[in-house]
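The next block holds one structure in the form of structure tokens; read it before the comments.
Read-outs throughout are calculated quantities, based only on the coordinates presented, and are distinct from any laboratory measurement. The structure displayed is predicted, hence computed values, not measured ones. Neighbour counts run over all protein chains shown; Cβ positions are idealised from the backbone, glycine included.
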Amino acid sequence: MALAQRVFDVPRLRHHDGLRSFLVASWLGWQIESNWADPFLFAVYAITRPLANVLILVVMYAVITDGAFAQPIFPYIYLGNALYILVGQVITGVSWAIIDDREHYRVAKYLYTAPIDGYAYLFGRGVARVLIGTISVLIVIAFGILLFRLPIHLRTVDWSLLLFSTALGVAALAGLGVIMGALTMTMARHFWSVGEAVAGALYLFSGAIFPLDLLPSWLQPLGFALPVTYWLEAARRALLGPQAHGFQTLAGLSNVELLAILAAFVAVLLPGSRLVYRWALHTAKEKGLIDIETGY
Amino acid sequence: MDTEMDGERVVKRQGLSLFWATMWARAYPRMVGAFRERSWLFFETLLPVLAVSGYVFIYRAIQAPPAYTGFAVLGGVMTAFWLNVLWSMASQLYWDKDQGNLEIYVMAPGPLMAVLLGMAVGGMVMTGTRAVAILLVCSLLFDVSYQIAQPLWLVAAFVLTMAALYGMGMLFASIFLVSGREAWHLSNLLQEPIYLVSGFYFPVKALGFWVATLASIIPLTLGLDAMRQLMFAGDPTLGFLPVPVEVTVQLVLAVVFITAAYFALAKLEAIGRQQGRLIERRR
């Protein structure tokens, strides 16, 4: 708290609604996510679920292929699932922040009567999830390298492609996450399903765990309309190098083209999320949903 | 016992009759809710269908035999019951405490064990509708074919698995009640790791004898294994144990869990009263 207080005391931050709201919300989000247990138990919790999730796929793969982990499809599945942890965290994180504030902690009315930037606040609440997700991704990938000999070598990783694509991918996801959160504000029922349904659909249609070519042809265009598809492809190429080109899904696109497509998604989704947030806030106030407690 | 209330004759139930009435009273909102609020059906079918579809496409990507599509579908169907046990049984008394219902249950004359049993019966009916919907949609989408050779064994395996599973949920309800706000995180933690060790999406035998044996404490482990053997009469070597053995273990688990739930509830209610934690609310 001492460090956080020092940051909040910086005059430029104190007087900038957006920055102040973002930072305070990030700190608050981290406290909510992590303060329910001691650090060891929290770490176990943060690691166990993602590892179990990826091990399900590993066992499925091993049962059928008799442990042929050297085949190119294995790193495709493993890495896609590992990277997807971040997608799930960001997409569902902001929606859950709305649900927590409104239904669980019952502080929504105080938030929306305080001098904060609600849009920046929502972004901030997602930051803790991004942090936890990033740590989980790194651990799951390290686990894969050590146990299943994933062909990732630090010297051959294309770091610039990885960093740029991840920055753009997370920004696009943050835009989607805030849109989901904003829509959650306008719902009195099924609000918990919104983030999870979208995250589930992205898992299926973005080629996260199997090449898009396997989807029925009429569903494939859906995959090409999602930013996650391009981020996963770019991140796989950056981490695996030439091995990642073993599938035809997006082989026709160069790395620069992938980054350009991701940048276009960011350019649409970030401003779009602000518009959706404004509309949702207005609608929630109009319908009296801003601080509704449904117990649903 | 009869009594007068506002000029009306009211029958006051006692003993088994009170237990029976309390159980159905608690089951009622869940059973009625399952049919009255049909929009749940869409969301609670859609999410598992998406998850199952992912696993089916992975099996297709690695060219697994067609029976594995059925394995994944059946696992997806059973996740509905596991999630119901976690979120609507194990965590339920915690939610009830948070919303102020628990103290009303405790003050009312009906036994708490009947309340728990009512939650289980209502949960089974409610989740059963979702499970049937998931099974139908996935079976049609992925063209799953079933070969049921011994329907009576299949019914026995399913019924006893449900009894053991919801008995475990009743036991967890007491344990989660004292775990306070960690209940939420406990339920979260018991999702994917249990899908893994119980073999929701692959034959549990693949995990090896000792892991599969330890995982058998979760009723769905042997329940799923038995149902897979009975619904997909394919390679018999895929099963972990013979079906009669698995069904017998489920029967034992059901008795043990329900008995343990009874004693745990009595103990935790006493502790809760002594320490004043039945009405405490921590967020």
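For this structure, a couple of remarks:
- Amide H to amide H, with H built 1.01 Å from N, B:F232 comes under 5 Å of B:Q147, counting only residues 5 or more places away or on other chains.
- Pairs from the list A:K109/A:K287; A:K287/B:K97; B:K12/B:K97 with a Cα-Cα gap above 20 Å: A:K287/B:K97; B:K12/B:K97.
- Counting every other Cβ atom within 10 Å of each residue's Cβ, A:D17, A:D117 order from fewest to most as A:D17, A:D117.
- Computing FRET efficiency as 1/(1 + (r/R0)^6) for A:L138 and A:Q31, where r is the C-beta to C-beta distance and R0 is 22 Å, gives about 0.50.
- Residue-count net charge about B:L47 - beta-carbon cut-off 12 Å; Lys, Arg +1, Asp, Glu -1: -1
- Computed from backbone phi with θ = phi - 60° and the Karplus coefficients 6.51, -1.76 and 1.60, the 3J(HN,Hα) list for region B:186-196 is 4, 5, 4, 5, 8, 8, 4, x, 6, 4, 6 Hz; x is used for glycine and proline.
- Nearest-ten-degree value, helix A:118-148 long axis tilted from longest Cα axis of chain A: 20
- Gain in span if fully extended, A:A225 to A:K109, counting 0.36 nm per residue against the direct Cα distance: 38.1 nm
- Exposure proxy for A:W27, B:W210, A:W279: other Cβ atoms within 10 Å of each Cβ, ordered fewest to most, give B:W210, A:W279, A:W27.
- Applied to region B:150-157, the Karplus parametrisation 6.51 cos²θ - 1.76 cosθ + 1.60 on θ = phi - 60° returns per-residue 3J(HN,Hα) values of 10, x, 5, 5, 5, 4, 4, 4 Hz, with x for Gly and Pro.
- Ordering B:T248, B:V178, B:T69 by the projection of their Cα atoms onto the charge dipole of chain B, which places +1 on the Cβ of Lys and Arg and -1 on the Cβ of Asp and Glu, puts B:V178 at the extreme positive end.
- Whole-number percent relative contact order across chain B, with pairs defined as alpha carbons under 8 Å at least 6 apart: 25
- What you get for chain B, charging only the Cβ of Lys and Arg (+1) and of Asp and Glu (-1), is a dipole of about 300 debye around the Cα centre.
- Cα centroids of region A:170-227 and region B:31-106: 19 Å apart.
- Prolate/oblate/rounded call for region B:218-275, Cα gyration tensor, a/c under 1.5 rounded: prolate
- Cα gyration tensor, the protein assembly as shown - rounded (a/c under 1.5), prolate or oblate: oblate
- Max mean-square fluctuation residue, GNM over chain A, Cα-Cα springs under 10 Å, options A:W30, A:W231, A:W159: A:W159
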